[in-house]
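Chemist: So that we are looking at the same thing, I have put the structure below in structure tokens.
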Amino acid sequence: MIFRQLFDQVSGTYSYLLASRRGGEALIIDPVLEKVDRYLQLMRELDLRLVKAVDTHLHADHITGLGALRDRTHCITVMGEQTKADVVSMRLADGERLTIEGVSLDAIYTPGHTDDSYSFIASDRVFTGDTLLIRGTGRTDFQNGDARAQYESIFGRLLKLPDATLVYPAHDYKGDTVSTIGEEKAFNPRLQVKSVDQYVELMNNLKLGDPKMMDVAVPANMRIGFHQEVIARRGWAITAEQALAMMCQRDVALIDLRERSERERHGVIPGSLHVPYPSLQENIGAGGMLHELAKSTSKRLLFYCAFGERSAMAVQAAQDAGLSSASHIQGGIDAWKKVSGTTMPYAVPPLTNATELGCGSIRPT
Ligand SMILES: [Fe+2]
């Protein structure tokens, strides 16, 4: 496994690059905007293709690199479902698994530092964001922080992991790089409390000043969404209402760009082909399945995803590949559900034959 811990000295932030092999897919956790060039250089040197960029929570002390990495690599941006960031491509819930080729992370919801904080477990290690730091814990006095919730996240979730589990936090200001769950249980001064009330008392009396970047970073990090209106202005977007009305048109090929886990959880639009976003490029290039479908039939490609982020990027990529009929459903299946009130359960086998596309019965999930 390729594993790199990268440091931003200005904000004291650790970012983590993970991949299973040279030449394969990569994922980055908590990237910092000012370091994006460095990450991209490293990925070029290691021959890695970034497919997912993840933030453990909405940061107050630095501007996230998620938007810049998405714009420059077309990767999928990921956060927890509680986030107030305007739109990220993929939102995870507690217990969901985040995967790239050869690497999988289990997401656990660990609120307290913020109400959108997640930790990610990868076999022998856990990425704790600002929930659990080395000999410290993340402050709980802003961004809907809650010391009681943090106590539950730490004592009820993180400290239940095996003692040997490596702890990789999002920050350190003392020069420590890694710890273990057992070490933090024994030596973290914030965890030497006898009750949740004692922890709350401790956290509510830290008397910390606001982070230097807070007024800039929080609003900036809430607006990392891809500008779907740019795609709409070019005439490449349709609304969920229009998509619903087009369901019986046989000249439309609906393409679901989400991952299997999202399809299982949220259902699908009947009659969709499944082309996960990371495999888009090979499908829209000459000889690719979607390229041939669009060129050899009169079908118009209509992409959708969770919120319209990945599909907007897919439309741009398809148009760049010469597929001028490509468009997407603005707002994704989230908007579709609001209009139609339903999706089809994933258990219905996805159609793979383009000739079968068209009307489908709509059943509730
Ligand atoms: Fe934070």
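The values are calculated or read from the model by the stated rules, or taken from the named source; none is laboratory data. Model, not experiment: these values are computed from the prediction. Counting neighbours? That spans all protein chains shown, and the Cβs are built from the backbone with ideal geometry, glycine included. The accessibility values were calculated without ligands, DNA or RNA, using every heavy atom of the protein model including side chains. Shrake-Rupley method; radii C 1.70, N 1.55, O 1.52, S 1.80 Å.
Chemist: Just to be sure I understand the model, the point goes 7 Å from the Cα along the line to the Cβ. What's the resulting residue 187 to residue 286 distance in nm?
Modeler: My value for the distance between the label points is 6.1 nm.
Chemist: Separate question: How much length would be gained if the chain were fully extended between residue 135 and residue 196, taking 0.36 nm per residue of separation minus their Cα-Cα distance, in nm to one decimal?
Modeler: Between residue 135 and residue 196, full extension yields 20.2 nm more.
Chemist: Excluding residue 105 itself, what net charge comes from residues whose Cβ is under 11 Å from its Cβ, given Lys and Arg +1 and Asp and Glu -1?
Modeler: Overall, the nearby charge balance is +1.
Chemist: Using heavy-atom solvent-accessible surface (probe 1.4 Å) with all chains present, what is the largest-first order of 251, 94, 8, 215?
Modeler: Ranked from most to least accessible, the order is 215, 94, 251, 8.
Chemist: Shifting gears a bit: What full-extension length gain, to one decimal in nm, is calculated for residue 72 and residue 215 as 0.36 nm per residue of separation minus the Cα-Cα distance?
Modeler: Computed gain between residue 72 and residue 215 is 48.9 nm.
Chemist: On a full-extension model of 0.36 nm per residue, what is the gain between residue 1 and residue 338, subtracting their alpha-carbon distance, rounded to one decimal in nm? Present the calculation step by step, with values, prior to reporting the outcome.
Modeler: Working: separation 337, 0.36 × 337 = 121.32 nm, distance 4.16 nm.
Result for the pair: 117.2 nm of gain on full extension.
Chemist: Follow-up question, since we're still on this one. Considering only the other residues whose Cβ falls under 14 Å of the Cβ of residue 152, what net charge follows from Lys and Arg at +1 and Asp and Glu at -1?
Modeler: -1
Chemist: Given Cβ point charges of +1 (Lys, Arg) and -1 (Asp, Glu) and nothing else, what value in debye, to the nearest 20, does the dipole of the chain about its Cα centre take?
Modeler: 600 debye
Chemist: Could you let me know the centre-to-centre spacing of the range 203-256 and the range 65-135, using Cα atoms, in angstrom?
Modeler: A separation of 17 Å, based on Cα centres.
Chemist: I would also like to ask the following. Label-point separation (nm) for residue 148 and residue 86, each offset 7 Å from Cα along Cα-to-Cβ?
Modeler: 3.5 nm
Chemist: How large is the convex hull of the Cα atoms of the range 140-293 per residue, expressed in Å³ as a whole number?
Modeler: Expressed per residue, the convex hull around the Cα atoms of the range 140-293 is 231 Å³.
Chemist: In terms of Cα to Cα distance under 24 Å, which lysines are near enough to residue 160, apart from those fewer than 8 places away along the same chain?
Modeler: By straight Cα distance, residue 160 reaches 185, 194.
Chemist: Probe radius 1.4 Å, ligands and nucleic acids left out: which of 266, 57 has the largest accessible area, and how do the rest follow?
Modeler: 266, 57
Chemist: Another question about this same structure. Please name which of 239, 192, 166 has its Cα lying farthest along the dipole of the range 158-249 towards the positive end, using unit charges on Cβ (Lys, Arg +1; Asp, Glu -1) and the Cα centre as origin.
Modeler: 239
Chemist: Right, here's the next one. Just want the answer: with Cβ charges of +1 for Lys and Arg and -1 for Asp and Glu, which residue in 102, 121, 208 is farthest toward the dipole's positive end in the chain?
Modeler: 102
Chemist: Just need the Rg to Rh number for the chain, please, alpha carbons only, Kirkwood Rh.
Modeler: 1.01
Chemist: Between residue 204 and residue 104, what FRET efficiency follows from the Cβ-Cβ distance if R0 is 51 Å, with the result rounded to 0.05?
Modeler: So, using R0 = 51 Å, E works out to roughly 0.85.
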